[in-house]
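Everything below concerns the one structure shown next.
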Amino acid sequence: MTDSPSSQSADLARRTSEAYDAALEVIAAVEPRVAEATRAELADQRASLKLIASENYASPAVLLTMGTWFSDKYAEGTIGHRFYAGCQNVDTVEALAAEHARELFGAEYAYAQPHSGIDANLVAFWSILAHRVESPALEKHAVKNVNELTEADWEELRHDLGNQRMLGMSLDAGGHLTHGFRPNISGKMFHQRSYGTDPETGLLDYDRVREAAREFRPLILVAGYSAYPRRIDFAKMREIADEVDATLMVDMAHFAGLVAGKVFTGNEDPVPHAHVVTTTTHKSLRGPRGGLVLATEEFAPSVDRGCPMVLGGPLSHVMAAKAVALAEARQQSFRDYAQRIADNAKSLADGFLSRGAKLVTGGTDNHIVLLDVTSFGLTGRQAESALLDAGVVTNRNSVPSDPNGAWYTSGIRFGTPALTTRGFGHDEFDRVAELVVDVLSSTTPKTTSAGAPSKATYTLEDGVVERTRAASAELLDKHPLYPGLELT
Ligand code: PLP
């Protein structure tokens, strides 16, 4: 078995090349432009310095698993209990994905059907509502399911389901839209309040979380983030949840690879502390695009009803790929990889700090580095575009109490999972910091017609794009993506 895209044997790499060549020929016979775009995507991914914190490179084994006839099979229901005939092979792969997930994360129960992180969160929300709100109502009315309720009782239950509270991390502190924010359905379903970080340190302040929880008394306390560069003490979060009778839900979409790789243990591992844990499988976990829900025995029966409660037919080909990726994540080599992700983030952060740049929270202890670009006189939008011009792929992000708002922002989020998969180490990440600082120092906002600095447009000093692209190419050539994979 391969443990990473960069460690395939020469023979396996040759056969992978043949497999992709054949596949692209078959595709080209129907729609050559799709085959061409697929080739171009590989070339682009190989040639760019990918620092997007939520992206990675899955192994050929994971990618190949997704391109099969499992895609054609409907399998609504759960393992061994489907609404369609002929699901024995889907049962096999879903059970394998769940078994690997349970054993890898030490979870009592795992559900492999969610199609994405958003879907995993929806399953979690509705499972918690089903367990905490719907089940007691059914018990109170002495009925087994909602169809047996009278119209009046049903209306009362619908009202109760739609009037629950959620407390999650604020967006500008690094929380995610699905944690109760209005543009997302979670913000329409729940009354939401958020907790932020300490204005001085940028760190999560558990006393403030406790205070907000005591005042707001949420049904669900959400922990987890998309852009917070630090670890969380989940034992403390559980203590807070218990104090106000809330359910602790942790969204570990970003850092699941660090949990799987045992970089986060004890209080930093959410699984022993949370009632329900959700994740994506494609970020630091390095699997196919998809979601996963882990739960305690108590919540398992309601999570198990994710389909049809929230989801349609599961993506069986992706569940099969999740099983392969989770099997990879159980290898010692994945633990080494996860440790390197965190070590490399420190190298990148130190590289920025030693060159005078400002970081949110002053550093990192996970896979994320959040650079405050105001010290370069730029908005996040300008910095993101200037870096992209120079072949450095990142994304702009709010910083706490962002003066430039959520569109222009003042930050750039960097992540180390993808380039760590390519084999980058300390020296390479230090060089990346040098290149980024060079580009940002060479970028100047244009002036608007009103004489103010623009938030969007900028000029780049001559030569910076060329020298950055050349330096990146040198780094990337030393650490090829999918080494040995050659398309004809
Ligand atoms: N949760 C968190 C914390 C995320 O960062 C993301 C995606 O960026 C999601 C959920 C949603 O995942 P997906 O894009 O797979 O729906």
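Each value in this text was obtained by applying a stated rule to the coordinates, not by laboratory testing. This structure is a prediction, so every number in the text was calculated from the model and none was measured. All Cβ positions, even for glycine, are placed from backbone atoms using ideal geometry, and neighbour counts span all protein chains on display.
Structure data summary
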quantity: Efficiency of FRET from Cβ geometry, residue 69 and residue 18, R₀ 22 Å, rounded to 0.05; calculated: 0.65
quantity: Region 342-478, Cα convex hull volume normalised per residue, Å³; calculated: 96
quantity: The chain - percent relative contact order, Cα under 8 Å, separation 6 or more; calculated: 22
quantity: C-alpha center-to-center spacing [region 79-152, region 420-464] in angstrom; calculated: 46
quantity: Chain lengthening between residue 44 and residue 466 when straightened (0.36 nm per residue, less Cα-Cα); calculated: 150.2 nm
quantity: Net lengthening on full extension, residue 37/residue 406 (0.36 nm per residue, minus Cα-Cα); calculated: 129.6 nm
quantity: Mean Cβ neighbour count within 10 Å, used as a protection proxy, ranking 387-395, 464-472 highest first; calculated: 387-395, 464-472
quantity: Mean Cβ neighbour count within 10 Å, used as a protection proxy, ranking 218-225, 277-284 highest first; calculated: 277-284, 218-225
quantity: Separation in nanometres of the label points that stand 7 Å from Cα toward Cβ, at residue 355 and residue 11; calculated: 4.4
quantity: Contour excess over end-to-end distance, with Cα ends at residue 298 and residue 95 and 0.36 nm allotted per residue; calculated: 71.1 nm
quantity: Cα centroid of region 235-300 to Cα centroid of region 190-206, whole Å; calculated: 19
quantity: Residue 215/residue 182 FRET efficiency (R0 30 Å; Cβ-Cβ; nearest 0.05); calculated: 0.90
quantity: Formal net charge of residues neighbouring residue 411 (Cβ-Cβ distance under 9 Å; K, R +1; D, E -1); calculated: 0
quantity: Relative packing of peptides 61-67, 400-406, 33-39, 293-299 - highest average C-beta neighbours within 10 Å first; calculated: 293-299, 61-67, 400-406, 33-39
quantity: Theoretical ellipticity at 222 nm over the chain - DSSP helices of four or more residues, -39500 (n - 2.57) apiece, nearest 500; calculated: -13500 deg cm²/dmol
quantity: Isotropically averaged projected area of region 70-329, using the convex hull of Cα atoms (one quarter of hull area), nm²; calculated: 13.9
quantity: Where labels lie 7 Å past Cα in the beta-carbon direction, separation of residue 487 and residue 151 in nm; calculated: 6.0
quantity: Percentage of interatomic Cα-Cα distances in region 311-394 larger than 18 Å; calculated: 63
quantity: Sites residue 133 and residue 30 - FRET efficiency at Förster radius 56 Å, r taken between beta-carbons, to 0.05; calculated: 0.70
quantity: Intensity falloff of the chain expressed as log10 I(q)/I(0), Debye formula with alpha-carbon point scatterers, at q = 0.07, 0.12, 0.13, 0.14 Å⁻¹; calculated: -0.40, -1.12, -1.28, -1.41
